[in-house]
Amino acid sequence: MTDAARTALILIDMQRGFIDATSPLCIAGAAATIPACERALAAARNHGLAVCHVRREYAADGSDVEAVRHKTWAEGGRPLSTAWPESLACPPELEPHEGEPVIVKPSWSAFFGIDLHERLQKRGIGTIVLAGTTTPNCVRSTAYDGMALGYNVAVLADATSSRTPEVQQANLADMAYVGVQILTADELAATGSASLEDVEGAAAATSPARQTAAAANGGASEDVAGPDEALPSFPDTPTPELASIETVSTGWINKYHLRYTLPDGRPYAYEGVSRKGPDAYRAALDALGAGDPPTPDAVCIVPILPDGSVLLEREFRYPLNSWCISLPAGLVDAGESLEEAVARELYEETGYRLRDDVDAPVRPLPQPGFSSTGLAEENVHVVFAHVEPGGAAAPEAAELIEPFVLPRRQIRTFLDANTTPIGTRCQLILELLARA
């Protein structure tokens, strides 16, 4: 059997646009499964399973509607978009409880183009139970993607639906044949996760090779340090002592001479620049020298759209006398939190905003990184952010910024073809996204 703490119920597309008979996308059997879906939600909550609601929402202009259903959608009132707001809602019996994420997916599978796998991995989930509609499309594609990612997969027969009973039974039989576990909402209520077999765990227990493969899909691996593995340590090497700081010039950028005493007693002078004034600059260097964590001076935002595309900028950079490809970025204002700075800079420069339908729209790297360690003490905190269009950008008068969206599938081609100067952080992050 599986562990309830490592099991999640995923409720898929139980929205009026798929349930209401007036919608051209209505699934004939969906309305009848509402009571079973309600029992499944209650069972998951009672037994301590994680619950996740995955839904569909199209752009009102139809730009992201699948080609195979676009004509039906456009001529039928544009359901599952803001053109027909009521169609986006779920029945009151299936409303999420506090803390249960609602994730909007861009296509059939709940694993495609969204961060569901990352969310489940973060919670240690190894088994998923699927309910919702439709069985041949979104439920089935999610089931197969789930198995490909190494999950135990179960489908609730009475809490899923198809356009005919024959289609429903044929799809359940097909999925059962390839290893999807089929049960009912009442069975889930009676036994919780005890009725689910840990197929993946049993296979891994008898196969070291499979353990290695499973690790590559998100578990521990030889490339990830274990909890008892020693990390690199550094000797207590004598450090140069900062004796004094001389201000050479001031302005938007200040120039300083740094006077050091080397460990062998010799004097040494170095030049540095900073946006900070003399007192703040000295305080920052003293804090860093004492080993204190840096306070972020600026943020660099990696904005990810719901479909996985990345939001970039083409900005004119005066020190280069050229346009430059970059990520949205800016200084952290006094008194701002990291998330406040991200939200402000993102909206000012691009008109995009942080999404409010994800649990953690901002994911910063563990610590800020320094922009140019041979020149300045300025540090920048890189933050991955889930974003969506919000309104009109409001850059400063001298900021020439042109936001553009780069689909994930085009990143490699773009990097190979681009001849516009590009920021190092932007280049490296795009390279990592391309490789991922």
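Beta bridges per DSSP, both residues in the chain: antiparallel share near 55 percent. Taking every full run of DSSP H in the chain, none both stretches at least 27 Å from end to end by Cα along its long axis and averages 0.5 or higher on the Kyte-Doolittle scale.
Its Cα gyration tensor gives the stretch 46-113 an equivalent ellipsoid; the semi-axes, largest first and in whole Å, are 26, 14, 9. Derived value for the chain: Kirkwood hydrodynamic radius 25.2 Å. Basis is the mean of 1/r over every pair of different alpha-carbon atoms.
Per residue of the chain, the DSSP helices (runs of n ≥ 4 H) give a summed -39500 (n - 2.57) that works out to -8000 deg cm²/dmol at 222 nm. Please identify, among LEU327, LEU196, LEU242, the residue showing maximal mean-square fluctuation in a Gaussian network model of the chain using a 10 angstrom Cα cutoff. Ranking LEU327, LEU196, LEU242 by mean-square fluctuation puts LEU242 first.
About its Cα centre, the dipole of the stretch 132-191 is roughly 160 debye, where the only charges are +1 on Lys and Arg Cβ and -1 on Asp and Glu Cβ. Scaled to the globular estimate 2.2 N^0.38 Å, the Cα spread of the stretch 66-217, given as radius of gyration, is 1.16. The charge dipole of the stretch 239-339, taken about its Cα centre with unit charges on the Cβ atoms of Lys, Arg (+1), Asp and Glu (-1) only, comes to about 420 debye.
Both radii are taken from the alpha-carbon atoms of the stretch 349-436; with Rh as the Kirkwood radius, Rg/Rh is 0.98.
Of all lysines in the structure, the ones whose alpha carbon falls short of 16 Å from that of LYS276, not counting any fewer than 8 places away in one chain, are LYS255.
Across all directions, the average flat footprint of the convex hull enclosing the Cα atoms of the stretch 223-302 is 8.7 nm². Rg and Dmax over the alpha-carbon atoms of the stretch 254-395 stand at 18.0, 59 Å. Among THR135, ALA31, LEU311, whose Cα projects farthest towards the positive end of the dipole of the chain, with charges put on the beta-carbon of Lys, Arg (+1) and Asp, Glu (-1)? Comparing the listed Cα positions along the dipole, THR135 ranks first. Net charge dipole, the chain: roughly 820 debye, given to the nearest 20, about the Cα centre with Cβ charges of +1 for Lys and Arg and -1 for Asp and Glu. Here the Kirkwood formula puts the hydrodynamic radius of the stretch 261-341 at 16.5 Å, using every distinct Cα pair. Expressed as a whole percent, the accessible area of the chain that falls on carbon and sulfur atoms is 55 (1.4 Å probe). Between ASP279, ASP158, ASP297, the GNM of the chain built on Cα springs shorter than 10 angstrom shows ASP279 fluctuating the most. Straight-distance candidates among the lysines for linking to LYS122, with alpha-carbon spacing under 20 Å and chain neighbours fewer than 8 residues away dropped: LYS105. Loop-located GluC sites (Glu not before Pro) in the stretch 86-188 (DSSP state other than H, G, I, E, B) with a sparse environment of at most 10 neighbouring Cβ atoms within 10 Å: GLU98. Of the three principal axes defined by the Cα atoms of the stretch 1-142, the extents in descending order read 47, 29, 27 Å. Would you work out which of TYR151, ALA397, PRO96 lies farthest towards the positive end of the dipole of the chain? Charges go on Cβ: Lys and Arg +1, Asp and Glu -1. Value: TYR151.
The values are calculated or read from the model by the stated rules, or taken from the named source; none is laboratory data. Note that the coordinates shown come from a computational prediction; the quantities given were computed from them, not determined experimentally. Glycine gets a Cβ as well: all are built from the backbone with ideal geometry, and neighbour counts include every protein chain shown. Calculation scope for accessible area: heavy atoms of the full protein, side chains included, ligands and nucleic acids excluded. Shrake-Rupley method; radii C 1.70, N 1.55, O 1.52, S 1.80 Å.
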